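Peer 1: Below is a structure I'd like to ask you about.
The values are calculated or read from the model by the stated rules, or taken from the named source; none is laboratory data. Computed from a prediction, not measured in an experiment: that's the story for all the values here. Reconstructed Cβ throughout: ideal geometry from the backbone, glycine too, with neighbour counts over all protein chains shown. These area figures cover heavy atoms from the full protein model, side chains too; ligands, DNA and RNA do not enter into them. Shrake-Rupley method; radii C 1.70, N 1.55, O 1.52, S 1.80 Å.
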Amino acid sequence: MKMFDPLSYPYTSQRNAVYAKNGMVATSQPLAAQAGLDILKRGGNAIDAAIATAACLTVVEPTSNGIGGDAFALVWTKGELHGLNASGPSPQGISIEGVREKGHDKIPTYGWIPVTVPGAPSAWKALSDRFGKLPLTEVLQPAIDYAEQGYPVSPTLGYYWNVAYKKFKEQLSGPEFEAWFDTFAPEGRAPKIGEIWKSPGHAKTLRSIAESGVESFYRGELADAIDAASREQGGFLRKEDLAAYQPEWVDPISVHYKGYDVWEIPPNGQGLIALLALNMLKEDNFKARDTVHTHHVQMEAMKLAFTDGLKYITQSGHMTVNVEQLLSDEYAKERRALIGEEALEPEPGNPARSGTVYLATADGEGNMVSFIQSNYMGFGSGVVIPGTGIGLQNRGHSFSLDESHDNRLVGGKKTYHTIIPGFMTKDNEAIGPFGVMGGFMQPQGHMQVVMNMVDFDLNPQSALDAPRWQWTSGKTIEVEPNFSDHIAQSLARKGHNIQRANSTGGFGRGQIIIRDKDNGVLVGGTDYRTDGAIASF
């Protein structure tokens with residue numbers, strides 16, 4: 001894989017890949033990337049840098065994540081890959097009947113009903129305890145400083161903040177949403193690009209989390225505040241739900257793709273979808289990236305993989321089929337055989353029975369982290385705990401109220417989860433972390449950037465810059481504005497319903513760091529579709 005050639009593909013108009021030796025942090029906000037780098041320079045490792053960057057992102061990119069969201073991580077250290085699932089379950093007291101009694105025939109998007117237990121703070125603590133070198137009080141200090149002292153709003157952040165404000169102003173009313181407007185629109189509007197925004201409540205919460213070792217959030221004063229707001233405003237979440245929560249260390253899952261092992265977190269995450277698609281295509285020999293055949297086969301494989309994922313993925317133990325069955329060679333061949341010359345209407349198979357931020361970090365010791373964190377759908381539920389800066393996620397919106405569905409709502413259950421970190425290895429050695437945030441675009445972005453690097457020899461930056469597409473439903477494929485017109489027309493003739501987007505906003509925002517095993521040089525790429533930056537030394 002010739003990923004170190006800066007001229008490996010002509011998608012380098014936005015920026016070039018970054019090369020460094022001692023450490024690297026890649027994420028969607030320059031201030032957060034720099035915070036992670038500062039931690040590395042102060043003696044922290046890649047895990048400490050990932051925690052610092054993640055905490056900082058809750059402050060400097062609140063449009064995509066927050067303290068009240070979930071997180072997942074893949075950590076490479078001492079020659080092994082470890083997985084962390086820090087997604088929270090639904091409240092024990094919620095049920096399909098309880099939701100219906102409140103007048104809903106599906107899980108609403110906003111308010112208390114879709115709120116699940118936040119897992120992100122527990123991820124910071126778990127990573128720090130197991131692999132970190134610096135105390136949490138030091139690692140979270142940059143985030144506290146930005147919340148307390150403020151920072152200038154960057155362009156992409158400002159745009160999405162204003163979009164969210166207008167939507168919330170139009171759609172959200174009621175006492176449960178007042179704290180969101182007090183916190184994120186204190187001037188009666190979204191902060192403008194270049195304007196200084198600060199959140200003293202956010203700073204106070206982060207300091208409490210750091211000093212208590214996260215105890216205050218799950219079993220102390222912050223848990224009390226969350227419980228009180230939920231009770232007052234008709235929510236299901238209780239302090240007991242927070243107190244009972246623990247993040248889960250998991251064994252990552254993988255497929256062997258053309259000499260490389262591609263790793264994801266197992267369900268309830270949707271990383272399985274990317275692996276399903278790659279598993280279908282591992283025997284194909286693609287001669288070039290920008291051909292009708294390449295895009296057609298990729299799109300068809302992703303449609304089949306996604307249809308399976310939407311049917312089967314939920315919390316492990318609640319799935320009617322297991323990962324091994326879905327990723328078997330026999331099932332991959334069965335699904336690949338369905339791909340012909342024309343676009344198909346995908347249906348789930350029957351295998352044999354038996355709004356998000358992403359960051360990547362690496363240090364000079366060989367540690368590497370792939371980390372993703374989200375409130376879901378931008379600002380999440382629209383519910384903020386007064387005076388704390390804690391915006392709660394609406395991850396429960398993904399649950400089904402259909403009693404027969406694998407992902408049906410059950411109290412204390414984790415739902416199908418969109419956020420997924422990725423990692424690549426070769427011959428049991430780390431290649432590096434990668435990720436593409438953005439709801440249901442994520443496994444599609446994972447497949448596309450992996451194939452860009454493995455099949456088409458693109459360096460990390462070129463792999464991210466290349467035009468993207470995404471399957472939305474049925475035969476409908478949405479393509480970016482810069483996607484080749486003649487290929488789009490040819491795909492339409494194959495039966496695809498091609499829709500050209502007006503912007504790159506819905507196609508994910510990714511980061512990649514890879515390490516040259518011969519000399520240890522780090523090579524990073526960051527997406528031009530966001531305010532992304534790579535900090536390195």
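Peer 1: For the peptides 200-209, 110-119, 177-186, what is the packing order when you average, over each peptide's residues, the other Cβ atoms within 10 Å and list the highest mean first?
Peer 2: Top to bottom by mean Cβ count within 10 Å: 110-119, 200-209, 177-186.
Peer 1: Rounded to the nearest 500 deg cm²/dmol, what is the calculated helix-only ellipticity per residue at 222 nm for the chain, with -39500 (n - 2.57) per DSSP H run of length n ≥ 4?
Peer 2: Values: 19 runs with 189 residues, N = 537.
It comes out at -10500 deg cm²/dmol, rounded to the nearest 500.
Peer 1: Oh, and also: Leaving ligands, DNA and RNA out of it, report the carbon-plus-sulfur percent of the accessible area of the chain at a 1.4 Å probe.
Peer 2: Of the solvent-accessible surface of the chain, carbon and sulfur hold 48 percent.
Peer 1: How many Å² of accessible area per residue for the chain, probe 1.4 Å?
Peer 2: Result: 35 Å² of accessible area for each residue.
Peer 1: Any chance you could list P(r) for the chain, counting all Cα-Cα pairs in 10 angstrom bins from zero, rounded to whole %?
Peer 2: All Cα pairs considered, the percentages come to 4, 20, 31, 28, 14, 3, 0.
Peer 1: Here is a follow-up. Could you work out the relative contact order of the range 142-244, using alpha carbon pairs under 8 angstrom and six or more residues apart, expressed as a whole percent? Provide the component values of the computation, followed by the final result.
Peer 2: On the way: 97 pairs, mean separation 32.6, N = 103.
Here the relative contact order equals 32 percent.
Peer 1: Another question, then. What does the net charge come to around VAL60 if you take all other residues with beta carbon closer than 15 Å to its beta carbon, with K and R at +1 and D and E at -1? Could you put the intermediate results ahead of the total?
Peer 2: Values: positive: LYS198, ARG509; negative: ASP38, GLU61, ASP145, GLU148, GLU195, ASP531.
Net local charge, VAL60 excluded: -4.
Peer 1: How big, in percent, is the set of alpha carbon pairs in the range 16-84 lying more than 19 Å apart?
Peer 2: So the pairs more than 19 Å apart make up 38 percent of the total in the range 16-84.
Peer 1: Points 7 angstrom from Cα along the Cβ direction at ALA243 and ASN428: gap in nanometres?
Peer 2: Spacing of the two 7 Å Cα→Cβ label points: 4.6 nm.
Peer 1: Kindly rank 226-237, 455-466, 333-344 from highest to lowest mean number of other beta carbons found within 10 Å of each residue.
Peer 2: On the way: 226-237: 19.2, 455-466: 25.1, 333-344: 15.4.
Going by the mean number of other Cβ atoms within 10 Å, highest first, we get 455-466, 226-237, 333-344.
Peer 1: Another question, if that's okay. For the pairs LYS106/LYS167; LYS78/LYS413; LYS258/LYS494; LYS106/LYS413, flag any whose C-alpha to C-alpha distance is greater than 25 Å.
Peer 2: Working: LYS106/LYS167 21 Å; LYS78/LYS413 33 Å; LYS258/LYS494 28 Å; LYS106/LYS413 17 Å.
The pairs that break the limit, which is 25 Å between Cα atoms, are LYS78/LYS413; LYS258/LYS494.
Peer 1: How would you rank 433-446, 50-63, highest first, on the average number of other Cβ atoms within 10 Å across their residues?
Peer 2: Per-residue mean Cβ counts within 10 Å order the peptides as 50-63, 433-446.
Peer 1: With Cβ to Cβ distances under 12 Å as the rule, what net charge do the other residues near THR425 carry (K, R +1; D, E -1)? The partial results should precede the final answer.
Peer 2: Values: positive: LYS426, ARG515, LYS517; negative: GLU80, ASP261, ASP427, GLU429.
Taking every other residue near THR425 into account, the sum is -1.
Peer 1: Considering every pair of different Cα atoms, what Kirkwood radius, in Å, is found for the range 369-494?
Peer 2: 17.6 Å is the Kirkwood radius here.
Peer 1: ASP251 to ARG15: FRET efficiency via 1/(1 + (r/R0)^6), r the Cβ-Cβ distance, R0 30 Å, to the nearest 0.05?
Peer 2: Computed FRET efficiency for ASP251 and ARG15 comes out at 0.25.
Peer 1: What does the charge count around PRO108 come to, taking other residues whose C-beta lies under 14 Å from its C-beta (Lys +1, Arg +1, Asp -1, Glu -1)?
Peer 2: That works out to +1.
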